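The values are calculated or read from the model by the stated rules, or taken from the named source; none is laboratory data. All figures in this text were calculated on a predicted structure; none of them were measured in a lab. Note: ideal-geometry Cβ built from the backbone for every residue, glycine included; neighbour counts use all protein chains shown.
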Amino acid sequence: MSERLQQIVSGPDEDISLAEAALLIAGHGYPDLNVAAYLSRIEELAYMLRLRIDEDDSIPERISALNQFLFGELGFAAASDDYYDPRNSFLNEVLERRTGIPITLSVIYMELGRKVGLPLQGVSFPGHFLVKCVVPEGAVVLDPYSGGISLGLPDLQKRLREVQGGEVSRAIVAELLVSASNKEIIVRLLRNLKAIYLREHKLDKALPIMNWIIATLPEQTAELRDRGMIYQELECPRAALTDFETYLQLSPGSDDAGDIRTRIIELRKEVARLN
């Protein structure tokens with residue numbers, strides 16, 4: 001993790017710039033990435049958007065202007081052809097190619113919307129990431145991956161039913177619309193990258209991403225377990241042993257505790273042979 005990204009995730013959540021954090025994460029794939037240049041590009045887009053909004057425009061009018069600008073004029077769209085292309089998780093590539101996955105399109109959507117007076121918040125909804133805008137009557141739920149469309153209760157129930165099955169009550173949907181913190185959004189972006197690299201069995205690329213997740217939200221003990229498994233597969237027994245032992249100390253009652261104890265016994269024998 002770069003010193004600047006470490007500084008960002010270590011500070012107050014409300015001070016985090018999602019765009020800057022996402023671009024610093026993109027530096028994993030592009031070591032020479034000019035973060036400042038892309039932040040300036042986002043500011044330019046925000047300036048262009050402000051020209052299309054009147055000072056007395058309502059929240060629905062501002063949302064409509066944002067949708068028309070981002071998805072109509074600029075042509076940002078869902079990455080439907082190759083969803084698991086790592087470029088869809090790198091904000092610089094999303095800005096260049098104008099295509100991305102739900103989380104990266106949502107980051108751009110929120111960054112631009114907030115700069116024109118929209119109180120947008122991220123939502124880690126099952127299926128894929130959404131955005132909500134708080135209004136006096138409650139909240140408007142929006143899907144940047146589908147062109148910023150507004151989702152009503154029946155839409156959300158249908159989506160949730162497709163993911164987990166069964167009947168979905170209004171109360172269950174409401175519980176899942178809680179706002180995600182900026183750090184949680186960063187971790188969701190990192191987990192997407194982790195999943196992409198593991199899917200391609202690129203363990204060397206997945207490992208630093210997992211380190212960043214643990215540095216951002218150290219209480220996520222499952223990440224320690226996952227990293228231990230990667231270390232074990234990469235034949236780094238000492239590192240794997242440390243992660244597994246720490247995982248069991250923090251989560252002694254986990255469902256996979258038996259399997260992890262078995263792995264620890266095997267790794268201790270292996271480490272002893274290496275000494």
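Quick notes on this one:
- Test: residue in segment 175-195 that is at pLDDT below 95 and over 17 Å from the mean Cα position of the chain (by Cα): yes
- Members of segment 156-208 that are of a type in the set (S, T, N, Q) and under 21 Å from Leu224 (Cβ atoms): Ser181, Asn192
- Taking the criterion of being modelled with pLDDT of 95 or more and of a type in the set (A, V, I, L, M), the residues of segment 121-139 that qualify are Val123, Leu130, Val131.
- Conditions (1) of a type outside the set (D, E, K, R); (2) surrounded by 19 or more Cβ atoms within 10 Å (Cβ to Cβ); (3) without any contact (Cβ under 8 Å) to a residue 40 or more places away in the chain: number failed by Leu105: (3)
- Yes/no for Val140 being touching a residue at least 60 places away in the same chain (Cβ under 8 Å), surrounded by 18 or more Cβ atoms within 10 Å (Cβ to Cβ) and over 20 Å from the mean Cα position of the chain (by Cα): yes
- Across segment 27-53, the number of residues qualifying as over 16 Å from Gly113 (Cβ atoms) and either modelled with pLDDT under 95 or not in a helix (DSSP H, G or I) (or both) comes to 8.
- Pairs meeting the criteria (first residue in segment 61-85 and touching a residue at least 60 places away in the same chain (Cβ under 8 Å), second residue surrounded by fewer than 12 Cβ atoms within 10 Å (Cβ to Cβ), beta carbons under 9 Å, at least 6 apart or on different chains) are Tyr84/Arg199.
- Some residue of segment 47-59 being more than 22 Å from the chain's Cα centre (by Cα), of a type in the set (A, V, I, L, M) and within 22 Å of Gly122 (Cα to Cα): yes
- Selection count where residues are of a type in the set (Ser, Thr, Tyr) and either in contact with a Pro (Cβ under 8 Å, 6 or more places away or on another chain) or assigned to a loop (DSSP other than H, G, I, E, B) (or both), scope segment 242-257: 2
- Residue in segment 251-261 that is surrounded by fewer than 18 Cβ atoms within 10 Å (Cβ to Cβ), under 25 Å from Leu5 (Cβ atoms) and not assigned by TED's automatic domain parsing to the domain that holds Leu18 present: no
- Filter result for Gly117 (at positive phi and either touching a residue at least 60 places away in the same chain (Cβ under 8 Å) or surrounded by fewer than 20 Cβ atoms within 10 Å (Cβ to Cβ) (or both)): yes
- Selection from segment 186-240 of residues that are without any contact (Cβ under 8 Å) to a residue 40 or more places away in the chain, polar (S, T, N, Q), assigned to a helix (DSSP H, G or I) and within 27 Å of Arg4 (Cβ to Cβ): Thr221
- Answer residue from segment 167-185, given it is assigned to a loop (DSSP other than H, G, I, E, B) and touching a Phe, Trp or Tyr at 6+ places or on another chain (Cβ under 9 Å) and is nearest to Leu112 (Cα to Cα) among those: Ala180
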